[in-house]
1. Which is part of a loop (DSSP other than H, G, I, E, B), modelled with pLDDT under 90 and out of contact with any Ser or Thr (no Cβ under 6 Å at 6 or more places or on another chain), of A:PRO136, A:PRO178?
2. State yes or no: is A:TYR161 at the interface with chain B (Cβ under 9 Å from one of its Cβ atoms), crowded, with 16+ Cβ neighbours inside 10 Å and of a type in the set (Phe, Trp, Tyr)?
3. Suppose we filter region B:17-43 for residues that are assigned to a helix (DSSP H, G or I), among the polar types (S, T, N, Q) and either near DNA strand D (Cβ under 9 Å from one of its atoms) or at pLDDT below 90 (or both); how many remain?
4. Report whether or not B:ARG202 is among the basic types (Lys, Arg), more than 24 Å from B:SER114 (Cα to Cα), modelled with pLDDT of 90 or more and not in a helix (DSSP H, G or I).
5. Taking the condition closer than 30 Å to A:ARG227 by Cβ and in a loop (DSSP other than H, G, I, E, B), does B:LEU216 pass?
6. Taking the criterion of being surrounded by fewer than 19 Cβ atoms within 10 Å (Cβ to Cβ) and under 12 Å from the mean Cα position of the chain (by Cα), would at least one residue in region A:189-208 satisfy it?
7. I'm trying to understand the selection: among the residues of region B:1-16, which are part of a helix (DSSP H, G or I) and modelled with pLDDT under 60?
8. Starting from residues that are part of a loop (DSSP other than H, G, I, E, B) and away from every other protein chain (no Cβ under 14 Å), keep the ones in region B:44-69 and report whichever is nearest to DNA strand D (Cβ to nearest atom).
Protein chains: 2
Amino acid sequence: MASGDVASTAKAKYLQIADDLAAQIHSGALPAGAPVPSESELMQRYGVASGTVRKAVAELRTTQLIETHHGRGSFVRSRPPVQRKSSDRFRRSHRKAGKAAYLAEAEQSGGKPSVKVLFIGPAEAPEDIAERLGVPAGAQVLARKRRYFRDGVPTEEATSYLPWDVVRDIPETFAENPGGGGIYARLEEHGHTLAEFTETVRARLATKAEAAALALSPGSPVIHLVRNAMTESGQVVEVCDTVMAADQFVLDYRFAAKD
Amino acid sequence: MASGDVASTAKAKYLQIADDLAAQIHSGALPAGAPVPSESELMQRYGVASGTVRKAVAELRTTQLIETHHGRGSFVRSRPPVQRKSSDRFRRSHRKAGKAAYLAEAEQSGGKPSVKVLFIGPAEAPEDIAERLGVPAGAQVLARKRRYFRDGVPTEEATSYLPWDVVRDIPETFAENPGGGGIYARLEEHGHTLAEFTETVRARLATKAEAAALALSPGSPVIHLVRNAMTESGQVVEVCDTVMAADQFVLDYRFAAKD
DNA sequence: CAGTGGTCTAGACCACTGT
DNA sequence: CAGTGGTCTAGACCACTGG
């Protein structure tokens, strides 16, 4: 039998199936965490080919209603509470109390934070990073790439870049755990007194790689934040490039109505 | 011939094709506005079936590199320069120079800004807004809803809420154009000296309504920003709720490494 | 191992666009 | 009209997960 004979109906079959499943989710027939029927099950139930079912499921994924795990199945998403990132998180008093910025933050949002170090070592500075650091493009810098989790779920991935001249004499910056107060505390101990941070915030859709790293469904939005840490002498001693799952974070900023 | 024999390669074919086309776009071989080769052309060129080419093209679409028009083809998107929103945009000196925040900002980003007033008048404060303003939920406030354009393209939609007690004696706040320096200048002229702004930033996918208002394709990300304007006396005299097309804006913040 | 989703083929027909 | 993308089929093999 031919196939395109369905495209003439008002709505595409795969959208009808997606709508049907979405309705079941919203009605509670498919509660949060419940498995979505398997593809073969759906093929039978709706009498369509595999490709059609897959498009329907893909639709639900991009609308964030379900998440899919290869080999296990698709499951109705539950929306966890978001984390807040306030510009207060870099308060010097937090550093002195021995807390790194991430922990100082995660502490307030209920949930067990954890960090996985992906890479620490010398690297060539990407062009935009080099420009921010005030070093030649391709110059050697220290890169520190980490992935952060809350309750075991990946939420953000951050790469810090520090000029080689700055870190050369600070062995802790090469350690997985730089000690109480984090990298910023070590920098200040070595005379790099921090004066100002600047953050650049963008939002966009996750790339394939980011979606994989953060366990996001394709089409999920991410927040892309790049922060410069500048010392009193005006040198940028760190640039931190962070990609966050957008549904996990709220950013808070406070600033004066200055002249 | 079988087919799955390709899935065993490191990368999926459709992603390789997408990457290849993306490289051509970034290199300029496929400049902005240029048509992407048709699907049948790509099938021949890469020696794959239609479905594979379609998945590659879909990939480029979700990464915003191209846009597709049924019956005409796919075309390389031109990325208009993004607008920057820095926390400097509320500098009092800008207000005194007679510039509203939006124009002070848009001025630097090349492109003709315009504003359309959607609504100005009394309204019941939504719960979250009322809480920020420190008024009872449902209390009457002044709402000012505007849509902003650049070069005729809608980029953001903002609704300001001001307590009735504050605006009652400031007739300009009811005008479509509140005069040089905008609402904030009028507030300060009437004794509400602004001391501090706080902004809350979220990113998420556009709702259907937002996609329509901002002429976005479904699944596009937006930045949702809510700002409190607080006076020296500690009163929140305005809450501004803004939804921006994420690909049109970069947010800049600067803050001290305070104690 | 069986069951799941992921990729791919080689076609088909339909709907939209422009000449 | 020819050419474009959009939907769909009925299979195939691969990769991942869990018992």
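1. Numbers: A:PRO136 fails: modelled with pLDDT under 90.
Of the residues listed, the single one that is part of a loop (DSSP other than H, G, I, E, B), modelled with pLDDT under 90 and out of contact with any Ser or Thr (no Cβ under 6 Å at 6 or more places or on another chain) is A:PRO178.
2. On the way: at the interface with chain B (Cβ under 9 Å from one of its Cβ atoms): no; crowded, with 16+ Cβ neighbours inside 10 Å: yes; of a type in the set (Phe, Trp, Tyr): yes.
Here the answer is no, as A:TYR161 does not meet what is asked.
3. As a first pass, look at region B:17-43 and keep what is assigned to a helix (DSSP H, G or I): B:17-27, B:39-43.
Subset that is among the polar types (S, T, N, Q): B:24, B:27, B:40.
Restricting the remaining residues to those that are either near DNA strand D (Cβ under 9 Å from one of its atoms) or at pLDDT below 90 (or both) gives B:27, B:40.
So the answer is 2.
4. Details: among the basic types (Lys, Arg): yes; more than 24 Å from B:SER114 (Cα to Cα): yes; modelled with pLDDT of 90 or more: yes; not in a helix (DSSP H, G or I): yes.
Criteria met by B:ARG202.
5. Working: closer than 30 Å to A:ARG227 by Cβ: yes; in a loop (DSSP other than H, G, I, E, B): yes.
It is true that B:LEU216 is closer than 30 Å to A:ARG227 by Cβ and in a loop (DSSP other than H, G, I, E, B).
6. The answer is yes; a qualifying residue exists.
7. Looking only at region B:1-16, we keep the residues that are part of a helix (DSSP H, G or I), and these are B:4-6, B:13-16.
Passing the criteria: B:GLY4, B:ASP5, B:VAL6.
8. Filtering region B:44-69 for residues part of a loop (DSSP other than H, G, I, E, B) gives B:47-49, B:63-65.
Going one step further and asking which of them are away from every other protein chain (no Cβ under 14 Å), we end up with B:47-48.
On the way: B:GLY47: 16, B:VAL48: 12 Å.
The residue in question is B:VAL48.
The values are calculated or read from the model by the stated rules, or taken from the named source; none is laboratory data. Fair warning: this is a prediction, and the values are worked out from it, not measured in the lab. Counting neighbours? That spans all protein chains shown, and the Cβs are built from the backbone with ideal geometry, glycine included.
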